[in-house]
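The values are calculated or read from the model by the stated rules, or taken from the named source; none is laboratory data. In this text the structure is predicted, and so the values were computed from the model without any measurement. Cβ placement follows ideal geometry from the backbone for every residue including glycine, while neighbour counts extend to all protein chains displayed. What goes into the accessible areas is simple: the full protein's heavy atoms, side chains included, and nothing from ligands, DNA or RNA. Shrake-Rupley method; radii C 1.70, N 1.55, O 1.52, S 1.80 Å.
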Amino acid sequence: MTPPLHPTNPPPLALLGSLDPATLARLQPRLSTLRLEPGGRLYATHKQGTAAYALRSGILRLERSSHDGGRCIVRLAGPGDLVGLEALLGQPYRADARACGELEVCRLSRPLVEELCAQHAGLQRELMRQWQHALDEVEDWRVELARGSARERMLRLLLKLSEYTDDLGLIWMPGRQEIGDMLGITLETASRLVSACRQDGLLELVGVRRARLALEPLLQALRAASLGEGGGRRRCWA
């Protein structure tokens, strides 16, 4: 954990932006920031929560274990998102939260959030909006990645990942096993899908766990797939 936030490093606007400058100044000593390396765990499933976290930079993946012991990513979170909201109700965390790359978050303890909500009605409304956003994201991941052919699901996954591009326009690229767990396919099929995306010019791997997407061709491929049009390359997506 790093020292309290420096005054030039403002709190997460998505949650605290409605507070007046004087209130924000008083909050500074009570806010701290955490920095995680790729793969680092922010919190663990079933651990009793004591704080929620607002993402400043980087991408966080929320994972749960399936009945057969596999791992499943239920959603991603990016800058401005709030995670670990269940802790504000005194409940255990419902997922493992791991950094996809370098990550920076602001810790919001339960007593602090309760105090602020009691004093600022607008903050409570924003908290409810963030909660609904988190629920919608989990539902979107479940629905979008569970229907259609393996090809369609892979294309939808890439489209979801495009929502979390970094300053260089790159996405976090899941490993083949993670893709298999998310899409309900074998490791071998996941590898073939990634290779087909590269051959079709939709995906370019850049370094370790990073990739660049060709968004317009990706959207065209997804439209064609939804219409049942595979073209000459359809066989690559078996």
Among 38-49, 84-95, what's the highest-first ranking by average C-beta atoms within 10 angstrom per residue? 84-95, 38-49
In square angstrom, what is the accessible area per residue of the chain with a 1.4 angstrom probe? 50
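Per the Kirkwood treatment, what hydrodynamic radius in Å, one decimal, follows for the stretch 142-198 from the mean inverse distance over all distinct Cα pairs?
Details: mean 1/r = 0.0866 Å⁻¹.
Computed over the stretch 142-198, the radius equals 11.5 Å.
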HN-Hα J couplings of the stretch 207-221 from phi, Karplus 6.51/-1.76/1.60, θ = phi - 60°, integer Hz, Gly and Pro as x? x, 8, 6, 10, 7, 10, 9, 9, 5, 5, x, 5, 5, 5, 5
Work out the charge dipole of the chain with +1 on the Cβ of Lys and Arg and -1 on the Cβ of Asp and Glu about the Cα centre, then indicate which of H133, V83, M173 is farthest towards its positive end. M173
Would you pull out the residues with amide H under 5 Å of G40's amide H, same chain only if 5 or more places away, H placed 1.01 Å from N? A99
To the nearest whole percent, what portion of all C-alpha pairs in the stretch 21-75 is separated by more than 17 angstrom? 55
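What net charge is computed for the residues neighbouring L127, neighbours being all others with C-beta under 14 Å from the C-beta of L127, Lys and Arg scored +1, Asp and Glu -1?
It works out to a net charge of -2.
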Can you give the net charge of the other residues whose Cβ lies under 15 Å from the Cβ of I73, counting K and R as +1 and D and E as -1? +3
Hey, got the dipole for the chain? About the Cα centre, +1 on K and R Cβ, -1 on D and E Cβ, debye to the nearest 20? 480
For a label point 7 angstrom out from the Cα of D20 toward its Cβ, which stretches of the stretch 111-144 have the backbone nitrogen within less than 13 Å? 120
How large, in percent, is the carbon and sulfur part of the accessible surface of the chain at a probe radius of 1.4 Å? 53
About the Cα centre, and with charges only on the beta carbon of Lys, Arg (+1) and Asp, Glu (-1), how big is the dipole of the stretch 40-100? Nearest 20 debye, please. 120
Calculate, for E115 and E163, the FRET efficiency according to 1/(1 + (r/R0)^6) with r their C-beta to C-beta distance and R0 35 Å; round to the nearest 0.05. 0.60
Summing -39500 (n - 2.57) over the DSSP H runs of n ≥ 4 in the chain and dividing by its residue number, what mean residue ellipticity at 222 nm do you reach, to the nearest 500 deg cm²/dmol? -11500 deg cm²/dmol
Taking the 0 to 90 degree range and rounding to the nearest ten, how far is the long axis of helix 187-199 tilted relative to the main principal axis of the chain, both from C-alpha atoms? 80
Counting each pair of different Cα atoms once, what's the Kirkwood radius of the chain in Å, rounded to one decimal? 19.2
If the only charges are +1 at each Lys and Arg Cβ and -1 at each Asp and Glu Cβ, what is the size of the charge dipole of the stretch 129-238 around the Cα centre, to the nearest 20 debye? 440
